[in-house]
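Visitor: Before we start, here is the structure in question, set down as structure tokens.
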Amino acid sequence: MWIYEKKLEFPSRICSTNPKLAKVIITQYGGPDGELAASLRYLTQRYTMPTGRSKAVLNDIGTEELAHMEIVATMVYNLIKDASLEEIKAAGLDGYYADHDKALYFVNGDGVPWVAQYIQSKGDPVADLHENLAAEQKARATYEYLLQLSDDPGISETLAFLRQREVIHFQRFGETLEHIYEFYNHQHRFFMGDHS
Amino acid sequence: MSTVRMQMLIDIMALEFTAVELNLFLDTHPGERRALDAYNATVVQLDELKREYEARFGPLTNFGYSDSDYPWRWVEEPWPWQINFAHMKGV
Ligand SMILES: [Fe+2]
């Protein structure tokens, strides 16, 4: 069960109407290394994690990623909501506009829709955690590219916050991987019981 | 939205972020007593701040976590994506 909280995780400032910037930021909504992929990946991998700790990490980071998805959506929504059709066309968002108006949809910067193939759920905790470590680095790199592209100081501040969270998630997944190796190297080698 | 309300939201976000950060740390360090004490202290502060906010501006959470004045205040705008903190300094 999830409980919604009527607030963002971070006080997002948006200083401009800027559909050009929205067009690239939307990749962190529905792109290959975006927040939808992140949250769904961790939340679906958590079921087969072998220990209480690893289940908690996947559950909690997956949940925080949902909050990041909401922050990204808030940026995109506000960057385009007051844009004129001329601005939409100039930003190359006219194709998007034809399909979605100014609604939020899960696509990357080029309009390619999200697919489940972006993520894996392998049932092997070592494989899954390695995927997650890579995913966090890819998301961090994407936020750095977006920071290079951003010309809105408020947006840059929020992108920097989201980038920093990927660094922390990478750290926690690394600790979890070590914990999993330890778990398998001890007496529990062939037993996946209810451990913490 | 009033500056007072935005500032309260910012304060709640800051404290809740502390809680998120400590929570994730504790997930991988469940035996760290000092982090746990800090987490539990944050819970108390955060609860106080949220109750104060909710008494003035309506529920932050639904599904039984917060009560509401009449009429049902959950449906009131703004929703989170409608709030722009652009003119708040020190965010
Ligand atoms: Fe992340």
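No lab work stands behind these numbers, since they all come straight from the coordinates. Because the structure is predicted, anything quoted here is derived from the model rather than measured. Cβ coordinates were reconstructed from backbone atoms using ideal geometry, including for glycine residues, and neighbour counts include every protein chain displayed.
Visitor: Report the net charge of residues surrounding A:H130, where surrounding means a beta-carbon distance below 10 angstrom and charges are Lys +1, Arg +1, Asp -1, Glu -1.
Guide: -2
Visitor: For the protein assembly as shown, what is the charge dipole size about the Cα centre, in debye to the nearest 20, if Lys and Arg each add +1 at the Cβ and Asp and Glu each add -1 at the Cβ?
Guide: On the way: 27 positive and 42 negative charges, 20 e Å.
Its charge dipole is roughly 100 debye.
Visitor: Count, for each residue of B:32-41, the Cβ atoms from other chains sitting within 10 Å of its Cβ, then give me the mean as a whole number.
Guide: That average works out to 0.
Visitor: Right, next: Arrange the peptides A:20-32, A:165-177 so that the one whose residues have, on average, the most other Cβ atoms within 10 Å appears first.
Guide: A:20-32, A:165-177
Visitor: With the convex hull built on the Cα atoms of chain B, state its orientation-averaged projected area in nm².
Guide: With the hull built on Cα positions only, its mean projection is 7.2 nm².
Visitor: Quick check on the exposure proxy: order B:M6, A:M49, B:M1, A:M75 from fewest to most C-beta atoms within 10 angstrom.
Guide: Lowest to highest Cβ neighbour count: B:M1, B:M6, A:M49, A:M75.
Visitor: If only Cα atoms are counted, what is the Rg of the range B:14-63, and what is its Dmax, in Å?
Guide: Final numbers for Rg and Dmax: 12.8, 38 Å.
Visitor: Please compute the Cα-Cα pair-distance distribution of chain A with 5 Å bins starting at 0, giving whole percents from short to long.
Guide: The calculated distribution, bin by bin, is 1, 8, 16, 19, 17, 14, 10, 7, 4, 3, 2, 1, 0, 0.
Visitor: Could you give the angle, 0 to 90 degrees to the nearest 10, between helix A:125-149's Cα long axis and the longest principal axis of the Cα atoms of chain A?
Guide: 20
Visitor: Using only the alpha-carbon atoms of the range A:64-141 as identical scatterers, what base-10 log of I(q)/I(0) does the Debye formula give at q = 0.15, 0.20, 0.27 Å⁻¹?
Guide: Evaluating at q = 0.15, 0.20, 0.27 Å⁻¹ gives log10 I(q)/I(0) of -0.69, -0.99, -1.36.
Visitor: How would the range B:40-81 be classified by its alpha-carbon gyration tensor: rounded, prolate or oblate, with rounded meaning a/c under 1.5 and the a/b versus b/c comparison settling the rest?
Guide: Cα axes put the range B:40-81 in the prolate bin.
Visitor: Here is a follow-up. Which whole number gives the average count of other chain Cβ atoms within 10 Å of the Cβ atoms across peptide A:9-19?
Guide: 4
Visitor: Still on this structure: Residue by residue through the range B:22-36, which ³J(HN,Hα) values in whole Hz follow from phi under the Karplus form 6.51 cos²θ - 1.76 cosθ + 1.60 (θ = phi - 60°), with glycine and proline marked x?
Guide: 5, 4, 5, 4, 5, 4, 9, 9, x, x, 7, 4, 5, 5, 5
Visitor: Turning to a different aspect of this structure: Sum up the charges of everything whose Cβ sits under 15 Å from the Cβ of A:D110, counting Lys and Arg as +1 and Asp and Glu as -1, but leave A:D110 out.
Guide: -1
Visitor: Which percent of the Cα-Cα distances in the range A:42-98 go past 18 Å?
Guide: Across the range A:42-98, Cα pairs with separations above 18 Å total 55 percent.
Visitor: Something else about it: Hey, fewest Cβ within 10 Å first, where do A:F10, B:F17 land in order?
Guide: B:F17, A:F10
Visitor: Taking one equal scatterer on every alpha-carbon of the range A:1-110, how large is log10 of I(q)/I(0) by Debye at q = 0.14 1/Å?
Guide: At q = 0.14 Å⁻¹ the computed log10 ratios are -0.61.
Visitor: List the aspartates and glutamates whose Cα lies under 13 Å from the Cα of A:K102, skipping any in the same chain that are fewer than 8 positions away.
Guide: A:D82, A:E87, A:D94
Visitor: Excluding B:F63 itself, what net charge comes from residues whose Cβ is under 14 Å from its Cβ, given Lys and Arg +1 and Asp and Glu -1?
Guide: Local net charge: -1.
Visitor: Still on this structure: Pairs A:K6/A:K81; A:K20/B:K50; A:K7/A:K81; A:K20/A:K55: which are spaced more than 30 Å apart, C-alpha to C-alpha?
Guide: Numbers: A:K6/A:K81 21 Å; A:K20/B:K50 37 Å; A:K7/A:K81 20 Å; A:K20/A:K55 39 Å.
Over 30 Å Cα-Cα: A:K20/B:K50; A:K20/A:K55.
Visitor: For chain A, take the longest principal axis of its alpha carbons; what is the angle in degrees between that and the long axis of helix A:52-80, to the nearest 10 within 0 to 90?
Guide: Helix A:52-80 sits roughly 0 degrees off the main axis of chain A.
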